[in-house]
1. Please give the length that would be gained between ARG376 and THR136 if that part of the chain were fully extended, namely 0.36 nm times their separation in residues minus their C-alpha to C-alpha distance (nm, one decimal).
2. With a 1.4 Å probe and every protein chain left in place, tell me how much accessible area CYS35 has, in Å² to the nearest 10.
3. Give me the one-decimal nm value for the distance between modelled label points at ALA192 and ALA296, 7 Å along each residue's Cα-to-Cβ direction.
4. Taking 0.36 nm per residue of sequence separation and subtracting the Cα-Cα distance, how much length would be gained by fully extending the chain between GLU528 and LEU468, in nm to one decimal?
5. Given the protein chains as shown and a 1.4 Å probe, how many square angstrom of ARG210 are accessible, to the nearest 10?
6. To the nearest 10 square angstrom, how much accessible area does ASP527 have with a 1.4 angstrom probe?
7. For TYR383, TYR121, TYR522, write out the residues from largest to smallest accessible area, computed with a 1.4 angstrom probe and no ligands counted.
8. Sort TRP143, TRP73, TRP91, TRP149 by accessible area with a 1.4 Å probe, largest first.
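The values are calculated or read from the model by the stated rules, or taken from the named source; none is laboratory data. No experiment lies behind these values; they were computed from the predicted model shown. As a convention, Cβ positions derive from the backbone with ideal geometry for all residues, glycine included, and neighbour counts pool all protein chains shown. All accessible areas refer to the heavy atoms of the entire protein, side chains included, with ligands and DNA or RNA removed. Shrake-Rupley method; radii C 1.70, N 1.55, O 1.52, S 1.80 Å.
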Amino acid sequence: MSDTPHPGPVMTRRRTLRGKDGLRALSGLSVLVACICALPMLAVALAALSGGTETITHLMQTVLPRYAGTTLWLIVMVSAGTFSLGVGAAWLVTMTRFPGCRLFEIALVLPLAFPAYVLAYVYTHVLDHPGVVQTTLRALTGWGPRDYWFPDIRSVGGAAAMLVLVLYPYVYLLARAAFLQQSATTFLAARALGASAWSAFFKISLPLARPAIAGGVLLAVMETIADFGTVAYFGVQTFATGIYTSWFSLADRAGAAQLALCLLSFALLLAMLERAQRGGAKYHDPSRRQQRMEPADLKGPQAMIAMILCGIPVLFGAVLPIGVLFSMGLGSEQNLLSTRYLGFVQNSLTLASVAALCTVVAAITVGFFQRLRPGRMSQSAAYVARLGYAVPGGVIAVGLLVPFAAFDNALDAFMRARFDISTGLLVTGSIWLLVAAYMVRFLAAALGAYEGGQAMVPANMDAAARSLGQTPAGTLRRVHLPILAPSLLTALLIVFVDVMKELPATLIMRPFNYDTLAVQAYRLASDERLEGAAVPSLVIVAIGLLPVILICRQVGRRSR
């Protein structure tokens, strides 16, 4: 007989009670996270509906058509640009071989580290009237300022170009993965039936990869409507700039809420489209033979053309901006080691670290509850938690400030009337409200990374932990978290870098005199001090390279 003591009925009952209490706590925390994510959207809707019809009528007669037209035109250009660059580059590096192909396969991801507004600062410095390109052109030709025509970088087309250069990697990564998973059987059958290589690509390979490509383009579109720094610096009037102008410059809270509701409705429509195309358009190769496509060797002029096509987005999206930023930073008077700049760095790192930690904890709560109790409540909580990635930062900021400002004002009035004490703004303008906005905005990214790792943990490990007397908290702490450490690190890095780059929510919600690197770069660029803006921009890009390096390593490992 074994000498190992067996738990008695009292101990078993206690463990059962602890397990039930843990499930209740997990359920309550998941619902709380979902409510926090839903609060900005509900608050924007209520504030917009309570604003009356006069404000929306005035907006429709003045700025709303212009905001809608500019935003739609920007979406069209960014969609076309990211589709062309992403799909073309993915097809070249997966289906052909040319000199430098392996290098381009990884380098094409690098522009993902750059915020679009940083590229806007760089190319304004290079292409604007006093920039090096036009100055050299005038020096060589002897032309005056009005003797020639040059494309205006501060335009809708210029903003679209900046967004395309930093967002095409979304399409590239998803399209490349889809092309790698395709079997060569159907493509070779089309070729055997007389179809040309181009015809087989458009009729076979491209339709099979359509769900992945559509998902990448929709992600790029969502980032486009959420962008503020690029369009604001270029003077392009979109919904994002309209919300900021209404809130700060015009002090029109109702107008800002109604503009935010318009943008929120469009963003949620895109989220529904993305979910529908993921759920309903799952194509696969019906043939049973999974023959890997052998890449075609390109030589001579064809190889040169492929190198140029793959090199253009890397050159203009990463290499040239880094060189220009270094040049601008060396010529500026900004001292990164000064007390003031160290304060910006400290504020940015503090916000990013706290927000990343809170967001990943929220993702673990929602994801683990969905695994333990798959059902309508857990799935609804996870669905609401994912909606934040489709909501622009400006909309989330307005949605959180409206109810908490009302709460602070009501509490202050009550304390003044009863105790003659002014509480001021306890929540509004605090760091924690800003952290909540970051969590709502980036929870979907953390949840996706967590669920990707959680899928690798078989269900029988949970059953084994329960049979050994582990509570849900014990199972999470002793089984899941050690296995999911790489996925959680990836989620932390992604949220950390996204918070470092986030601009609209930080501009609207930051505490007084609490500036970050992104705010400092925007402020200097708004004053046309682009050399100074290069210094904080370089720090943001350097930190943004961390998750991109992880992605590059994964891309290289899969290609091998």
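1. 80.0 nm
2. Only protein atoms counted, so the area is about 80 Å².
3. Result: 1.9 nm between the two label points.
4. Values: separation 60, 0.36 × 60 = 21.60 nm, distance 6.49 nm.
That pair, GLU528 and LEU468, stretches by 15.1 nm at full extension.
5. Its accessible surface works out to 100 Å², give or take rounding.
6. ASP527 exposes around 90 Å² with every protein chain in place.
7. Numbers: TYR383 80, TYR121 5, TYR522 35 Å².
Result, largest first: TYR383, TYR522, TYR121.
8. Numbers: TRP143 115, TRP73 135, TRP91 45, TRP149 200 Å².
Correct descending sequence by accessible area is TRP149, TRP73, TRP143, TRP91.
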